[in-house]
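Participant: Quick one: the structure is below, and I'll ask about it shortly.
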Amino acid sequence: MRYLTISQAAERLQLSVPTIKRYIYDGALASTKLPGGQHRIPESEVERLLAGDGEPPQGGDAGDAAGVEVTPETRLEVLERWATDLEAEVERLSNALAVISRYCADVRPAEEDATMPRPQPRGSIQVLGPGCKRCHALHELVVQVAAAMGLADVEVRHVTDLGEIIAFGPVVTPGLVINGELVLSGSVPAETELRELLAAHLGPSTPA
């Protein structure tokens, strides 16, 4: 018997991957769960849905045939994971939209660009972010790494004001600015990557 991945089944049925997963968790589509947690769907199950115009059968017979017990606790666990992932994504997108919206509202014609505030202090590190978890995480990591590298005389500042953030353009937060130059945006780097960025722009240490 041939088995399909969730993506392959979704393509054959012309449905989305989340819909196929919902069919599996609702017991409407039989599947075999591998030790690594991946689902494999018998091709006969896909053919069965295709024969029924793509509509899953009502009831839990398919779940029983797959040997997987679908309980209210299992469904609740899946829903909680989805909710957590969605909340994190909504927070990230909300912060990005806030920055982009403010930038679009405040952008000026080319002849007025010279009047826009573009803070470029020397010997400074700025973490751009209106207050999301990843913004705070990046700020804490920068403080720790800067201290470990002997950059005590370099100012580290967490910039939360959108007016200051958009001075660097429509940044996807969190953003990292070193001596007025945006060097990273949209992610929290690993400690080794951050060390390399700081060393490249500030050197391993700054004389007192």
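Laboratory data are not the source of any read-out in this text; all were calculated from the coordinates shown. What you are looking at is a predicted structure, and each value in this text was computed from that prediction instead of being measured. Backbone-built Cβ (ideal geometry, glycine too); neighbour counts: all protein chains shown.
Participant: Could you check the simple spin-label distance between GLN8 and GLU80, using points 7 Å along Cα→Cβ, in nm with one decimal?
Facilitator: So the label points at GLN8 and GLU80 sit 3.4 nm apart.
Participant: Another one. Fewest to most neighbouring Cβ within 10 Å: what's the order for LYS33, LYS21?
Facilitator: Exposure proxy ranking, most exposed first: LYS33, LYS21.
Participant: Rank by packing, highest mean first: peptides 183-189, 195-201, with packing defined as the count of other Cβ atoms within 10 Å averaged across residues.
Facilitator: 183-189, 195-201
Participant: So how much slack lies between THR19 and VAL143, counting 0.36 nm per residue of separation and subtracting their Cα-Cα distance, in nm?
Facilitator: Gain on stretching THR19 to VAL143: 40.3 nm.
Participant: Enumerate the calculated ³J(HN,Hα) couplings along the stretch 26-36 in order (Karplus 6.51 cos²θ - 1.76 cosθ + 1.60, θ = phi - 60°), each rounded to whole Hz, writing x wherever the residue is Gly or Pro.
Facilitator: For the stretch 26-36, the Karplus-derived couplings read 7, x, 8, 9, 6, 8, 10, 9, 6, x, x Hz, x marking Gly and Pro.
Participant: Cut-off is 10 Å between beta-carbons; in what order do VAL177, VAL90 appear when sorted fewest neighbours first?
Facilitator: VAL90, VAL177
Participant: Read phi for every residue in the stretch 189-196 and hand back ³J(HN,Hα) as whole Hz from Karplus 6.51 cos²θ - 1.76 cosθ + 1.60, θ = phi - 60°, with x for Gly and Pro.
Facilitator: x, 5, 4, 5, 5, 5, 4, 5
Participant: Moving to a separate point now. Amide H neighbours of VAL156 under 5 Å, at least 5 residues apart or on other chains, H built in the peptide plane: list them.
Facilitator: The answer is ILE125.
Participant: Another one. Which far-off residues, 5 or more places away or on another chain, put their amide H under 5 Å from the one on LEU4, with H placed in the peptide plane?
Facilitator: Amide H to amide H, under 5 Å and 5 or more residues apart or across chains, LEU4 pairs with ILE41, GLU43.
Participant: To continue, here is another question. Among ALA190, ALA137, ILE166, which residue has its Cα furthest toward the positive end of the charge dipole of the stretch 117-202, with +1 on Lys/Arg Cβ and -1 on Asp/Glu Cβ?
Facilitator: Among ALA190, ALA137, ILE166, the one farthest towards the positive end of the dipole of the stretch 117-202 is ILE166.
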